[in-house]
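The values are calculated or read from the model by the stated rules, or taken from the named source; none is laboratory data. This one's a predicted model, so the numbers in the text were calculated from it and none came from an experiment. Here the Cβ positions follow ideal geometry from the backbone for every residue, glycine too, while neighbour counts run over all protein chains shown. Ligands, DNA and RNA are excluded from the accessible area calculation, which covers all protein heavy atoms including side chains. Shrake-Rupley method; radii C 1.70, N 1.55, O 1.52, S 1.80 Å.
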Amino acid sequence: VQLVESGGESVQAGDSLRLSCAASGRTFSTNAMGWFRQAPGKEREFVAAISSTGHMTYYADSVKGRFTISRDNAKNMVYVRMTSLKPEDTAVYYCAARWRPRVGVRSVDDYDYWGQGTQVTVSS
């Protein structure tokens, strides 16, 4: 199983970015997927998650209204569109996939597979 993130860049505050996550090795279309981020010296934190069908989405309060998660099950891809970026959004962003059934979507323990991360740097 492999998750590969892409799309991270160095941008200015107020800019937009779209991160992509390509999943291979298993079909995750029947499972929730999520995005997390980790800033230097901080713990990995929840950003957004999406249900298997894409009908349900979940966001951290810090990104609600600015980030949009989506998925394309035909392509085994998950995306997060990030707008109005702020310096505090600077972090390594990780894609996560769930394989075993769970109730929650906001904890790192709710996911079984992780990508290697992609760096997003937002300058003021």
Suppose a student asked you for the relative contact order of the chain, using Cα pairs under 8 Å spaced at least 6 residues apart; what percent would you report? 35
Antiparallel bridges, percent of DSSP beta bridges restricted to the chain (to nearest 5): 90
In the chain, what percent of the accessible surface is made up of carbon and sulfur (1.4 Å probe, ligands and nucleic acids excluded)? 47
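Select from segment 18-124 those chymotrypsin sites (Phe, Trp or Tyr not before Pro) which occupy a DSSP coil region and have at most 14 other Cβ atoms within 10 Å, ordered by residue number.
Trp99
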Using DSSP to call loops (not H, G, I, E or B), can you name the GluC sites (Glu not before Pro) in segment 1-46 whose Cβ has at most 15 other Cβ atoms within 10 angstrom? Glu9, Glu43
Per residue accessible area in Å² of the chain, where ligands, DNA and RNA are left out and the probe is 1.4 Å: 51
Taking one equal scatterer on every alpha-carbon of the chain, how large is log10 of I(q)/I(0) by Debye at q = 0.09, 0.18, 0.20, 0.23 1/Å? -0.21, -0.87, -1.08, -1.42
Neighbour count of at most 12 Cβ within 10 Å plus DSSP loop: longest trypsin sites (Lys or Arg not before Pro)-free window in the chain: 76-124
Check which residues have an amide H placed less than 5 Å from Leu85's amide H, if you skip close sequence neighbours. Gly14, Asp15
